[in-house]
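Starting off with a structure, shown below.
The values are calculated or read from the model by the stated rules, or taken from the named source; none is laboratory data. Please read all numbers here as calculations on a predicted model, not as lab measurements. Note: ideal-geometry Cβ built from the backbone for every residue, glycine included; neighbour counts use all protein chains shown.
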């Protein structure tokens, strides 16, 4: 706040409390510095007038109406006073403020112009005039006025604050941050300036600075629920679940109706592994705000993780802009429809990604002639994706490719897989704590020719980095089984089974179809021989063991009905599942009993190290796949361990992955065309042990030579795809679909 404004406020306060002499002194100080200041002149004149003149009474009534939110009344009284007192700066200014509240922006502009004419030296009316102009979309005029106010009244913080908001809206983030910092320097107690600066830092991926700003806003204004909520969101992004929960609880204490904080609290509880608590939070948000279909979608997705299917039919309600804010991964298990998933991805990408630069200049060729490829992921550690990709990085031809990994996941330096990755690449850079803009600058400084996204719409992703253009060619591969729905991604790597002819219509990317299978695999994955035997895993010595080690959210009533039918038909058989917690066990046991199957015929296997898990798969007879979202890594695990996988090739990419895998493993007859055929063949194989043994023998015989596990040949195909992408870009050709043999 400027010194002029401070003196005027003090003078008015003194006048209101009856201290006329102090008010006179203050008004005269203003006139000593600004002899033509109309407000100071009017204030002095008012001190000598009776306090209860009709004009003063009318103005007091106007002020009272404004403060009570009765804007129509305030505007009506103000219009009368404005006409009878054309030099009354305060009347015009308050009238303009009331008109702004009523959305009558052009009339507000006129009122503020009368206010500035009555007092050319006062910055407040000019500030309000700029607000009215901005509301009308006249941003250049508004910016010019704010800059003029700042030049004439450098200590007027509100102009700096409002100018920052205008610049941020226009994408001029660096300038916006500077003006917010200046507003805070002028007025350190400006809570909203701290809050907005925090939001700006958060949008640029600068979590530490964002948290500091939100903490300052909340300290200045403890009831600032949005500051607490946004602070918690930054803690959540930093995987600091307990601090996030505490912040969300403060936000809800300040405003119990803050559904955004309820949703965020649910996300923090998911991070802590408390899915029932998360569901309660999501459902509470949806109950309070039925328009928040995103909260409903997240509740349903977490219920799917618990195999709680009681409200599954509510998925049809998860439409609209609120649901678009939820990553489309949450939609995959509910609908096997590529057009539906395409729409979900496009809607989410429109909110998640910044506007994509259509292109960027190609970097200068590398000095050694190699193509520079950067891989971006949060999973460069002991993770399912890296179990598949380790062989690819080991086989990557570094005489032709400069290979760089950019990691934003946990820094697990004792992780053996992570250590092995480091030895296979030219560069391994931790970018987890870096701002988005700094990552973009780093990628461009490294001169990347191709940038590869290995996460897509999955947990912990920073795929929005690709919206800023990290490289002239950008590729989606392995991370998300569907389109990212945004123009920034040039290519998506698939194959002829996962992407049959015509399926490219449901992708914004151009499709590269590899021969055999799109999925990477490591032909050196160790298998630890299991010594516990079936009995050690609570499996029957002689009974048929159906297995499905998919994550629980992939299981739906459609598969479950078939599986329970198999258990009823095959005497002594069991279903071996991954143990994902007591709630899943309880719910699936209840669903089994509801279908006439004893809960004891469900056997739950605890998580164990990967090599040991591969070893215990020898005790299963047949792997049963899920439908809308197939087994992906788990199907490769089973096939690598010698366990046949029975699948049903659905419609969307996620529902066709296992079909691609069994084709590439040399067992195409295990990819069925319908759920009925899937159920029929499962029963036939369970009753025909010699036929199943023949399948197992074929798998064992071909494992070392089949395309699925030929890591070197697969790596050459990916390299060929990358080379062709790079060559097209170098020739000035736009991305296009192509095949790689």
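Go through the stretch 524-542 and give me each residue that's surrounded by 12 or more Cβ atoms within 10 Å (Cβ to Cβ) and out of contact with any helix residue (DSSP H, G or I) (no Cβ under 9 Å at 6 or more places or on another chain).
538
Restricted to the stretch 635-645, and to residues that are in contact with a strand residue (DSSP E or B) (Cβ under 8 Å, 6 or more places away or on another chain) and surrounded by fewer than 24 Cβ atoms within 10 Å (Cβ to Cβ), which residue is farthest from residue 672 (Cα to Cα)?
Our first condition is that a residue be in contact with a strand residue (DSSP E or B) (Cβ under 8 Å, 6 or more places away or on another chain); within the stretch 635-645, this holds for 635, 638-639, 643-645.
Now drop any that are not surrounded by fewer than 24 Cβ atoms within 10 Å (Cβ to Cβ), which leaves 643-644.
On the way: 643: 17, 644: 13 Å.
Among residues in the stretch 635-645 that are in contact with a strand residue (DSSP E or B) (Cβ under 8 Å, 6 or more places away or on another chain) and surrounded by fewer than 24 Cβ atoms within 10 Å (Cβ to Cβ), the one farthest from residue 672 (Cα to Cα) is 643.
Mind checking whether some residue in the stretch 59-66 is closer than 22 Å to residue 42 by Cα, assigned by TED's automatic domain parsing to the domain that holds residue 139, assigned to a helix (DSSP H, G or I) and without any contact (Cβ under 8 Å) to a residue 12 or more places away in the chain? Break it down stepwise before answering.
Just the residues of the stretch 59-66 that are closer than 22 Å to residue 42 by Cα, to begin with: 59-64, 66.
Among the residues that remain, those that are also assigned by TED's automatic domain parsing to the domain that holds residue 139 are: 59-64, 66.
If we keep only those that are assigned to a helix (DSSP H, G or I) as well, we get 59-64, 66.
Keeping just the survivors that are without any contact (Cβ under 8 Å) to a residue 12 or more places away in the chain gives 60, 64.
Yes; the residues of the stretch 59-66 include at least one that is closer than 22 Å to residue 42 by Cα, assigned by TED's automatic domain parsing to the domain that holds residue 139, assigned to a helix (DSSP H, G or I) and without any contact (Cβ under 8 Å) to a residue 12 or more places away in the chain.
Yes/no per residue for (1) outside the structural domain of residue 138 (by TED's automatic domain parsing); (2) farther than 26 Å from residue 433 by Cβ; (3) in contact with a helix residue (DSSP H, G or I) (Cβ under 6 Å, 6 or more places away or on another chain):
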| site | (1), (2), (3) |
| --- | --- |
| 158 | no, yes, yes |
| 163 | no, yes, yes |
| 186 | yes, yes, yes |
| 191 | yes, yes, yes |
| 205 | yes, no, yes |
| 210 | yes, no, yes |
| 216 | yes, no, yes |
| 221 | yes, yes, yes |
| 231 | yes, no, yes |
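Just to be sure I understand, how many residues within the stretch 684-719 are touching a residue at least 60 places away in the same chain (Cβ under 8 Å), exposed (fewer than 15 other Cβ atoms within 10 Å of the Cβ) and over 42 Å from the mean Cα position of the chain (by Cα)?
Selection size over the stretch 684-719: 1.
Yes/no matrix, rows are residues, columns are (1) modelled with pLDDT under 95; (2) closer than 18 Å to residue 384 by Cα:
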residue	(1), (2)
421	yes, yes
433	yes, no
451	no, no
469	yes, no
472	no, no
492	no, no
495	no, no
498	no, no
515	no, no
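Is it true that residue 264 is in contact (Cβ under 8 Å) with a residue 24 or more places away in the chain, farther than 30 Å from residue 649 by Cβ and surrounded by 24 or more Cβ atoms within 10 Å (Cβ to Cβ)? Lay out the reasoning, then the answer.
On the way: in contact (Cβ under 8 Å) with a residue 24 or more places away in the chain: yes; farther than 30 Å from residue 649 by Cβ: yes; surrounded by 24 or more Cβ atoms within 10 Å (Cβ to Cβ): yes.
When the stated conditions are applied, residue 264 passes them.
Take the stretch 60-81 and flag every residue that is over 45 Å from the mean Cα position of the chain (by Cα) and crowded, with 20+ Cβ neighbours inside 10 Å.
62, 77, 78, 81
Somewhere in the stretch 395-410, is a residue part of a helix (DSSP H, G or I) and within 25 Å of residue 636 (Cα to Cα)? It would help to see each step written out before you state the result.
The first filter runs over the stretch 395-410 and keeps only residues part of a helix (DSSP H, G or I), leaving 395.
If we keep only those that are within 25 Å of residue 636 (Cα to Cα) too, we end up with 395.
Yes, some residue in the stretch 395-410 is part of a helix (DSSP H, G or I) and within 25 Å of residue 636 (Cα to Cα).
Determine whether residue 57 is within 20 Å of residue 129 (Cα to Cα) and modelled with pLDDT under 85.
Values: within 20 Å of residue 129 (Cα to Cα): no; modelled with pLDDT under 85: yes.
Against the criterion (within 20 Å of residue 129 (Cα to Cα) and modelled with pLDDT under 85), residue 57 does not qualify.
So which of 141, 192, 158 ends up being within 36 Å of the chain's Cα centre (by Cα) and closer than 21 Å to residue 104 by Cα?
Working: 192 fails: closer than 21 Å to residue 104 by Cα; 158 fails: closer than 21 Å to residue 104 by Cα.
Answer to the check: 141.
Moving on to the next point. Kindly list the number of the only condition in (1) in the same structural domain as residue 544 (by TED's automatic domain parsing); (2) without any contact (Cβ under 8 Å) to a residue 60 or more places away in the chain; (3) over 24 Å from residue 564 (Cβ atoms); (4) not in a helix (DSSP H, G or I) that fails for residue 646.
Single failed check for residue 646: (3).
Could I ask something else about it? Going residue by residue through the stretch 559-567, is there one that turns out to be at negative phi, surrounded by fewer than 17 Cβ atoms within 10 Å (Cβ to Cβ), modelled with pLDDT of 95 or more and not in a loop (DSSP other than H, G, I, E, B)? Spell out the reasoning first.
Of the residues in the stretch 559-567, the ones at negative phi are 559-567.
Filter once more, so that each one left must be surrounded by fewer than 17 Cβ atoms within 10 Å (Cβ to Cβ): 561, 565.
Keeping just the survivors that are modelled with pLDDT of 95 or more gives 561, 565.
Those left that are additionally not in a loop (DSSP other than H, G, I, E, B): 561, 565.
Checking the stretch 559-567: at least one residue is at negative phi, surrounded by fewer than 17 Cβ atoms within 10 Å (Cβ to Cβ), modelled with pLDDT of 95 or more and not in a loop (DSSP other than H, G, I, E, B).
While we're here: Show me the helices (runs of 4 or more DSSP H) found entirely inside the stretch 650-741 where at least 1 residues are modelled with pLDDT of 95 or more and in contact with a strand residue (DSSP E or B) (Cβ under 6 Å, 6 or more places away or on another chain).
Working: elements: 657-664, 675-687, 689-702, 711-730.
Those helices (runs of 4 or more DSSP H) span 657-664, 675-687, 711-730.
Filter the stretch 83-115 down to the residues that are under 44 Å from the mean Cα position of the chain (by Cα) and either outside the structural domain of residue 41 (by TED's automatic domain parsing) or not in a helix (DSSP H, G or I) (or both), then identify the one that is surrounded by the most Cβ atoms within 10 Å (Cβ to Cβ).
104
In the set 588, 617, which member is in contact with a strand residue (DSSP E or B) (Cβ under 9 Å, 6 or more places away or on another chain), closer than 24 Å to residue 304 by Cβ and in a helix (DSSP H, G or I)?
When all the criteria are applied, what remains is 588.
Which members of the stretch 576-585 meet the condition of being free of Cβ contacts under 8 Å to residues at least 40 places away in the same chain, in a helix (DSSP H, G or I) and either buried (at least 17 other Cβ atoms within 10 Å of the Cβ) or touching a strand residue (DSSP E or B) at 6+ places or on another chain (Cβ under 7 Å) (or both)?
585
Taking the stretch 255-270, which residues are part of a helix (DSSP H, G or I) and over 22 Å from residue 585 (Cβ atoms)? First the steps, then the outcome.
The first filter runs over the stretch 255-270 and keeps only residues part of a helix (DSSP H, G or I), leaving 259-270.
Residues satisfying the conditions are 259, 260, 261, 262, 263, 264, 265, 266, 267, 268.
Additional query: Which one of these is buried (at least 16 other Cβ atoms within 10 Å of the Cβ), over 21 Å from residue 348 (Cα atoms) and free of Cβ contacts under 8 Å to residues at least 12 places away in the same chain: 274, 308, 255? Steps first, answer last, please.
Values: 308 fails: free of Cβ contacts under 8 Å to residues at least 12 places away in the same chain; 255 fails: free of Cβ contacts under 8 Å to residues at least 12 places away in the same chain.
Going through 274, 308, 255 in turn, just one is buried (at least 16 other Cβ atoms within 10 Å of the Cβ), over 21 Å from residue 348 (Cα atoms) and free of Cβ contacts under 8 Å to residues at least 12 places away in the same chain: 274.
Considering only the stretch 433-444, I want to know if a residue exists there that is more than 26 Å from residue 637 (Cα to Cα) and either surrounded by 23 or more Cβ atoms within 10 Å (Cβ to Cβ) or in contact with a strand residue (DSSP E or B) (Cβ under 6 Å, 6 or more places away or on another chain) (or both).
To start, the set of residues in the stretch 433-444 that are more than 26 Å from residue 637 (Cα to Cα) comprises 433-444.
Now restrict to residues that are either surrounded by 23 or more Cβ atoms within 10 Å (Cβ to Cβ) or in contact with a strand residue (DSSP E or B) (Cβ under 6 Å, 6 or more places away or on another chain) (or both): 443.
So far as the stretch 433-444 goes, yes, one or more of its residues are more than 26 Å from residue 637 (Cα to Cα) and either surrounded by 23 or more Cβ atoms within 10 Å (Cβ to Cβ) or in contact with a strand residue (DSSP E or B) (Cβ under 6 Å, 6 or more places away or on another chain) (or both).
A further question follows. Can you pull out every residue in the stretch 28-54 that is under 16 Å from residue 87 (Cβ atoms) and either in a helix (DSSP H, G or I) or at pLDDT 75 or above (or both)?
31, 38, 39, 40, 41, 42, 43, 44, 45, 46 - these are the residues of the stretch 28-54 that are under 16 Å from residue 87 (Cβ atoms) and either in a helix (DSSP H, G or I) or at pLDDT 75 or above (or both).
Can you spot a residue in the stretch 568-575 that is assigned to a loop (DSSP other than H, G, I, E, B) and either in contact (Cβ under 8 Å) with a residue 60 or more places away in the chain or under 21 Å from residue 656 (Cα atoms) (or both)? If you could, list the steps in order and put the result at the bottom.
Taking the stretch 568-575 and keeping what is assigned to a loop (DSSP other than H, G, I, E, B), we get 570-573.
Okay, now just the ones that are also either in contact (Cβ under 8 Å) with a residue 60 or more places away in the chain or under 21 Å from residue 656 (Cα atoms) (or both), so 570, 573.
Checking the stretch 568-575: at least one residue is assigned to a loop (DSSP other than H, G, I, E, B) and either in contact (Cβ under 8 Å) with a residue 60 or more places away in the chain or under 21 Å from residue 656 (Cα atoms) (or both).
Here's a follow-up. For the stretch 591-604, give me the residue count where each residue is in contact (Cβ under 8 Å) with a residue 24 or more places away in the chain and either out of contact with any strand residue (DSSP E or B) (no Cβ under 6 Å at 6 or more places or on another chain) or in a helix (DSSP H, G or I) (or both).
Taking the stretch 591-604 as the starting set, the residues that turn out to be in contact (Cβ under 8 Å) with a residue 24 or more places away in the chain are 591-592, 595-597, 601-604.
After this cut, where a residue has to be either out of contact with any strand residue (DSSP E or B) (no Cβ under 6 Å at 6 or more places or on another chain) or in a helix (DSSP H, G or I) (or both) as well, the list is 591-592, 595-597, 601.
Result for the stretch 591-604: 6.
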